[in-house]
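Chemist: Next up is a structure, given as structure tokens.
Read-outs: derived from the displayed coordinates by stated rules, not from any lab. These numbers were taken from a predicted model, which means no experiment stands behind them. In this analysis, Cβ positions are derived from the backbone assuming ideal geometry, glycine residues included, and neighbour counts consider all displayed protein chains.
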């Protein structure tokens, strides 16, 4: 067989498939798909949920030479129809009610002919935007996915991932390719939990102990909840914790490390277009804001230009400590954007991919991210990354969430605003928070407008969309600066 997955368990329900049951469920779906006329090269849209059935559906699609298109099962009908129109799938499968079972009509796995995947055939299409507009789908082949998993095995090994927990949605690259498929297809056991669920996060330490979890991945949003709600694990099984998809501040990094006991906490840098994790901080030193570290089967360059086609690489490369645009070269690079050659040519030049991040390398060759080029705020010619402001705020003891963003300014053109959520409602907390920020930021980086909210809207991936926060705050009055400075 071309795949050799481990067992798979749903953390909350306790439902469990061992390897043989898993393959039997895959086989049942292979037969169903063949009966529906699925042909190699066609696409199957998978309504993605963190369930056993989702992974059986995905492998069944791949074993027929088709491409899987996982999408959020919670999409509205309008959003779903928009992605269906873009992907033109042969079949739609999955969802919370998918209980096709091999038990009713057992199919011995050994009776199905399983061809190996055609390496350059489309395997996965991940839509990163456009559920209500023009969709942007990242196409990965079996070759690019296997290149990513090979590089992770080389850099990370598999020993720490023998019992891996997924707390993330499985319809985007971080949760699916790296958190789940990397360990599962290497024969490790996978444990699935509903994504971003407070009930689960409040018991995270207990679940880790109960199932002897050795590894998990996460995003900063997970920890803003878990550190408030859950006791730390006590049994010592946890070996490695990844955090990615959004900037990880030094303060939050240190708090996670303390909670996780002796486990290694790895800031993992990943992009959907490169099969997610392409670099990380393992072995790169102590936590610090923006520290990525070294590439995992990936060459990282910081260049002076963001405009393809690239000039000669050595002529465009920044000196140590000089901020520029982060480009990468990896065998795990996507095939391209689905039916969007215009987007592909704007991002890929001579085999190099423009990440959209800005950063620099230090004297040890470690990559340190400074921010997103598209997020940069130009305050009268002074360039400010909102992540710098958010990192300063992260260590404040009463802070639950924060987002910095640009606002119009008659004098500077742009200025900085901050939206935040505090756990402590006492009147003295606001001026105390202001003084905290004032002690950590130069005057030019102090926000000009402050908005206290009940919560910050985040995507299903745990990311804030700065324009959405800015639009939300545009209809509100900012806090009186006299109160903040009192």
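Chemist: Mind ordering 209-222, 152-165 by average Cβ neighbours within 10 Å, highest first?
Modeler: Details: 209-222: 21.4, 152-165: 19.4.
Taking the mean over residues of other Cβ atoms within 10 Å, the ranking is 209-222, 152-165.
Chemist: Still on this structure, I have one more. Roughly what would the spin-label model give for residue 299 and residue 206, points 7 Å off Cα along C-beta, in nm?
Modeler: With each label placed 7 Å out from Cα toward Cβ, I get 5.2 nm.
Chemist: Then there's this: If you take the square roots of the eigenvalues of the alpha-carbon gyration tensor of region 13-82 and sort them as a ≥ b ≥ c, do you get rounded (a/c under 1.5), prolate (a/b over b/c) or oblate?
Modeler: Working: a/c = 2.60, a/b = 1.15, b/c = 2.25.
Oblate shape, in that a/c is at least 1.5 and b/c is the bigger or equal ratio.
Chemist: Suppose the chain between residue 319 and residue 448 were pulled fully straight at 0.36 nm per residue; how much longer would it get relative to their current alpha carbon spacing? Present the calculation step by step, with values, prior to reporting the outcome.
Modeler: Values: separation 129, 0.36 × 129 = 46.44 nm, distance 3.35 nm.
43.1 nm is the gain from fully extending residue 319 to residue 448.
Chemist: What are the radius of gyration and Dmax of region 315-446, computed over its Cα atoms and given in Å?
Modeler: Radius of gyration, then largest Cα-Cα span, for region 315-446: 18.7, 57 Å.
Chemist: Would you mind checking the tilt of helix 142-156 against the longest principal axis of the Cα atoms of the chain, expressed as 0 to 90 degrees and rounded to 10?
Modeler: Long axis of 142-156 versus the principal axis of the chain: about 60 degrees.
Chemist: Next question, about the same structure. Which value at 222 nm does the chain reach when only helices count, each DSSP H run of 4 or more adding -39,500 (n - 2.57), with the total divided by all residues and rounded to the nearest 500 deg cm²/dmol? Write out the running numbers ahead of the final one.
Modeler: On the way: 14 runs with 130 residues, N = 486.
One gets -7500 deg cm²/dmol as the mean residue ellipticity at 222 nm.
Chemist: Over region 8-369, what is the relative contact order in percent, taking alpha-carbon pairs closer than 8 angstrom and at least six residues apart? Before the final figure, lay out each step's value.
Modeler: Numbers: 770 pairs, mean separation 48.4, N = 362.
Relative contact order of region 8-369: 13 percent.
Chemist: Taking the Cα-to-Cβ direction at residue 92 and at residue 235 and moving 7 Å from each Cα, how far apart do the two end points lie in nm?
Modeler: 4.1 nm
Chemist: Let me ask another. With each label point set 7 Å from Cα along the Cα-Cβ vector, what nm distance links residue 383 and residue 128?
Modeler: Placing both labels 7 Å along Cα→Cβ, they lie 2.0 nm apart.
Chemist: Could you estimate the translational diffusion coefficient of region 156-266 from the Stokes-Einstein equation, with Rh from the Kirkwood formula over C-alpha pairs, at 10 °C and 1.306 mPa s, in whole µm²/s?
Modeler: Values: Rh = 13.7 Å.
Reported coefficient: 116 µm²/s.
Chemist: Here's something else I'd like to know. Roughly what angle does helix 220-229 make with the longest principal axis of the chain, taking Cα atoms, 0 to 90 degrees, to the nearest 10?
Modeler: The helix 220-229 is inclined about 80 degrees to the chain.
Chemist: Additional query: Ranking request for peptides 425-438, 14-27: highest mean number of other beta-carbon atoms within 10 Å first, then the rest in descending order. The partial results should precede the final answer.
Modeler: Numbers: 425-438: 15.0, 14-27: 18.1.
For the peptides 425-438, 14-27, the packing ranking is 14-27, 425-438.
Chemist: Can you bin region 376-484 into rounded, prolate or oblate? Criterion: square roots of the alpha carbon gyration tensor eigenvalues sorted a ≥ b ≥ c, rounded for a/c under 1.5, prolate for a/b above b/c, oblate for the rest.
Modeler: Values: a/c = 1.43, a/b = 1.15, b/c = 1.25.
It comes out rounded by the Cα gyration axes.
Chemist: A follow-up question, please. Per q in 0.26, 0.30 Å⁻¹, report the Debye log10 I(q)/I(0) for region 169-224, using one uniform scatterer on each alpha carbon and no solvent.
Modeler: -1.25, -1.40
Chemist: Something else: Report for the chain the percent antiparallel among DSSP-assigned beta bridges with both residues inside it, nearest 5.
Modeler: On the way: 49 of 82 bridges.
Of the beta bridges lying entirely in the chain, close to 60 percent run antiparallel.
Chemist: Roughly how many Å is it from the Cα centre of region 245-312 to that of region 190-232, as a whole number?
Modeler: So the separation of the two Cα centres works out to 22 Å.
Chemist: If you don't mind, another one. Take the Cβ-Cβ distance between residue 440 and residue 376 as r, set R0 to 25 Å, and report the resulting FRET efficiency rounded to the nearest 0.05.
Modeler: On the way: r = 20 Å, r/R0 = 0.80.
That gives a FRET efficiency of 0.80.
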